[in-house]
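First comes the structure, then the notes that go with it.
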């Protein structure tokens, strides 16, 4: 069974530029999560989807971050414009029950 | 929210046993997770405890005491490949499908 797929794996951009990350969850997993992980820290949730509905986006910085999951499968997370402090690993996860399965993440470096 | 605390770093030698502790304060407790994360890779699920006591899975065991707000991960017969960060995590308001609150992770280094 294929795991959670994310792309790109690495992204380097200059500040004020836009950037987008893509996630394809495990087939059949209705719940999808975007986490951000800073160096030496645990992941922190940005947004959670149940099918196509964002049910928890309280930690998403909505002035510059946006996300969508139009057909309840793939999801895209966007940052516009990026700031230096956005440098982190962006993890996507999906679940059908208790266990959350994580993708490999996108490592973003903002210069 | 949740307050999850675990040591930042631990070291041990091959073949040894190591115990990684985690203390938590949660609202609406519904279990505690342990994840393993190798450098540059995704966290992978190790265990989920919802009842008090010890659960064993091969070389890895996880313990939970709900009354004390305490859990530990026990790794036996350590191997070099066990060098990784070990993350303790609790669900938000008791919903295992909701957000997970992660500790900052314990970086374990196994020496030959």
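Quick look at the numbers
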| quantity | calculated |
| --- | --- |
| Extreme residue, nearest to the other protein chains (Cβ to nearest Cβ), among residues of segment A:82-98 that are surrounded by fewer than 16 Cβ atoms within 10 Å (Cβ to Cβ) and modelled with pLDDT under 95 | A:98 |
| Top-ranked residue of segment A:23-71 - restricted to ones that are in a strand (DSSP E or B) and more than 14 Å from the chain's Cα centre (by Cα), ranked as farthest from the other protein chains (Cβ to nearest Cβ) | A:53 |
| Residue count for segment A:16-53, restricted to those that are surrounded by 15 or more Cβ atoms within 10 Å (Cβ to Cβ), in contact (Cβ under 8 Å) with a residue 60 or more places away in the chain and farther than 22 Å from residue A:70 by Cβ | 1 |
| Residue B:40 within 11 Å of chain A (Cβ to nearest Cβ), closer than 25 Å to residue A:103 by Cα and in contact (Cβ under 8 Å) with a residue 60 or more places away in the chain | no |
| Filtered residue count, segment B:77-92, keeping only those that are surrounded by 14 or more Cβ atoms within 10 Å (Cβ to Cβ) and at pLDDT 90 or above | 9 |
| Some residue of segment B:55-69 being crowded, with 18+ Cβ neighbours inside 10 Å, at pLDDT below 90, in a strand (DSSP E or B) and on the phi < 0 side of the Ramachandran plot | no |
| Verdict on residue A:20 being in a strand (DSSP E or B) and farther than 19 Å from residue B:33 by Cα | yes |
| Any hit, segment B:91-106, residues being in a strand (DSSP E or B), within 26 Å of residue B:14 (Cα to Cα) and within 14 Å of chain A (Cβ to nearest Cβ) | yes |
| Residue ID - farthest from the other protein chains (Cβ to nearest Cβ), chosen from residues in segment A:99-111 that are touching a residue at least 40 places away in the same chain (Cβ under 8 Å) and in a loop (DSSP other than H, G, I, E, B) | A:111 |
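Results for (1) surrounded by fewer than 17 Cβ atoms within 10 Å (Cβ to Cβ); (2) modelled with pLDDT under 95; (3) out of contact with any helix residue (DSSP H, G or I) (no Cβ under 7 Å at 6 or more places or on another chain), shown as yes or no for each residue.
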position	(1), (2), (3)
B:73	no, no, yes
B:94	yes, yes, yes
B:97	no, yes, yes
B:102	no, yes, yes
B:109	yes, no, yes
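The values are calculated or read from the model by the stated rules, or taken from the named source; none is laboratory data. As the structure is a prediction and not an experimental result, all values here were calculated from the model. All Cβ positions, even for glycine, are placed from backbone atoms using ideal geometry, and neighbour counts span all protein chains on display.
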